[in-house]
Amino acid sequence: MFVNTVIAFIIIFGTLVFFHELGHLLLAQRAGILCREFAIGFGPKIFSFKKNETVYTIRLLPVGGFVRMAGEDPEMIEVKPGYTVGLLFNKDDEVEKVIINQKEKYPDALIIEVETADLEHEMKITGYEQGKEDELAGFTVSQTSFFIVDGEEVQIAPYNRQFGSKPVWKRIKAIAAGPIMNFILAYVILVMLGFIQGVPSNQPELGKLTDNGRAAAAGLKEGDYIQSINGEKMRSWTDIVTAVKENPGKKIDVAVKRDGKSFHISVTPEAVKDENKKTIGRFGSYAPTEKGALAAIAYGATSTVDVTKAILTNLGKIVTGQFKLDMLSGPVGIYDMTDQVAKTGIINLLRFAAFLSINLGIVNLLPIPALDGGRLLFLFIEAIRGKPINRDKEAFVVFIGVAFLMLLMLVVTWNDIQRLFL
């Protein structure tokens, strides 16, 4: 069972992260931003492959992911005056590859000592060829050129392929696409569940009956239309639930319509305790369901909205002072919840995945530096001011945000461990 839970946890969390990062990737690529890496997980690489311009990787720790866009961080490789580099050319005599080290492995390369290099705007390198130290030569660099470092190619990012070069609204779309994709994923899962299970209906009918329930024992059947209980007309499933709850251990008279015929059945609801320790009646019937494309689509939308409202209500308790640390769960707590839900079947596991996906989307939209919401806040400020925030100041604020999130994660994880194991 432990192995099954671990697999379920990794699949669920990996899927949520995959679609979140896919949102970033698709909108960034659509904006013309060079995306260097699409990663699921953090830490050492387990598996990777390259397609077009992007390296796709799976990393060891399945606790998140990222899309590394050119220009978000300072470029790791620089070519400065005085450097000795090798140049390889394409058929148009443009520099296609700039060899940083191990130049002896490339006998066809032209070796120069760099005088100037602009690999963002002008895309030019000037320098002195070996044996021609008195002649300054200039070379045009291709828009799709590469550095070669330790035998590996790293694509050079002209400024027009960098994150910061794009209009602010395109950058906002690329960042917001991650959380939005989580809402879309949750909606699709819930619509799919609506198709599979049917959509809960509020009609005064009986849904599936429990095998040992009082309703089945009394002769009631799935699909029975309940006309009245104890003479009171039933207009909805909610009315039925209320009437049954109000009569724990008491015989009730149920007027039923089945196959066009009306008759009465006596049922004694079982007396049980609810979550507030109050005694209520229960007779063993689920709500009725209806199937159909329109019903499933509507169910997906309303359920997504309802879950979103519930999560936002809990977040609102932070403002009102009703917030408690026990209301938060980290990876350990989520793993435990996955274990509990997995025992109840695949349907509930899918429903749980939809809930987590909405959770992930909302949390990432919080205006906390280092989260998507914090980045969006900086971009909105830039849109209002007409110029970006100073990068050093932004980096400092992001550092504070990362430190806060790390501290919060440690506290929440310790709280989960205490609650579950100590």
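Any read-out appearing in this document is the output of simple, stated calculations on the displayed coordinates, not a laboratory observation. The shown structure was predicted, so the numbers you read here are calculated from the model rather than taken from an experiment. So basically every Cβ, Gly included, is an ideal-geometry build from the backbone, and we count neighbours across all protein chains shown.
For a quick check, take a GNM of the chain with Cα springs below 10 Å and name the residue from Val141, Val63, Val267 with the largest mean-square fluctuation. Maximum among the listed residues: Val267. First check a/c for the range 84-156, with a ≥ b ≥ c the square roots of the eigenvalues of its C-alpha gyration tensor; if it is under 1.5, answer rounded, and if not, answer prolate when a/b is larger than b/c or oblate otherwise. Oblate, since a/c reaches 1.5 and b/c is not below a/b. Excluding Ile12 itself, what net charge comes from residues whose Cβ is under 12 Å from its Cβ, given Lys and Arg +1 and Asp and Glu -1? Residues near Ile12 contribute 0 overall.
For a test of the definition: using alpha carbon positions, the gyration tensor, and the 1.5 limit on a/c, classify the range 347-422 as rounded, prolate or oblate. Oblate, because a/c is 1.5 or more while a/b does not exceed b/c. Packing around the peptides 106-118, 234-246, taken as the average count of other Cβ atoms within 10 Å per residue, puts them in this order, highest first: 234-246, 106-118. What residue among Asn359, Asn276, Asn230 has the largest mean-square fluctuation in a Gaussian network model of the chain, using Cα springs under 10 Å? In this elastic network of the chain, the residue with the biggest mean-square fluctuation among Asn359, Asn276, Asn230 is Asn276. Each stretch of four or more DSSP H residues adds -39500 (n - 2.57); spread over every residue of the chain, this sum gives -14500 deg cm²/dmol at 222 nm.
By the gyration tensor of its Cα atoms, with a ≥ b ≥ c the square roots of the eigenvalues, what is the shape of the chain: rounded for a/c under 1.5, prolate for a/b over b/c, or oblate? Taking the square roots of the gyration eigenvalues as a ≥ b ≥ c, the chain is prolate. Which residue fluctuates most in the GNM of the chain (Cα springs below 10 Å): Ile362, Ile280, Ile33? Looking only at Ile362, Ile280, Ile33, the biggest GNM fluctuation is shown by Ile280. Principal axis extents of the C-alpha atoms in the range 200-290 (largest first, rounded to whole Å): 40, 26, 25.
Each label was represented as a point 7 Å from its Cα along the Cα-to-Cβ direction; for Tyr56 and Ile265 these points are 5.3 nm apart. Spread over its residues, the convex hull of the C-alpha atoms of the range 21-76 is 84 Å³ per residue.
In this structure, Thr308 and Glu120 have a Cβ-Cβ separation that, at R0 = 35 Å, corresponds to a calculated FRET efficiency of about 0.25. For the range 346-376 and the range 228-249, what is the separation of their Cα centres, given in Å? After rounding, the separation between the Cα centres reads 39 Å.
Distance between the C-alpha centres of the range 1-72 and the range 383-422: 20 Å, rounded to the whole angstrom.
Taking 28 Å as the limit for the C-alpha separation, the pairs Lys51/Lys80; Lys51/Lys166; Lys80/Lys132; Lys124/Lys166 exceed it in the case of Lys51/Lys80.
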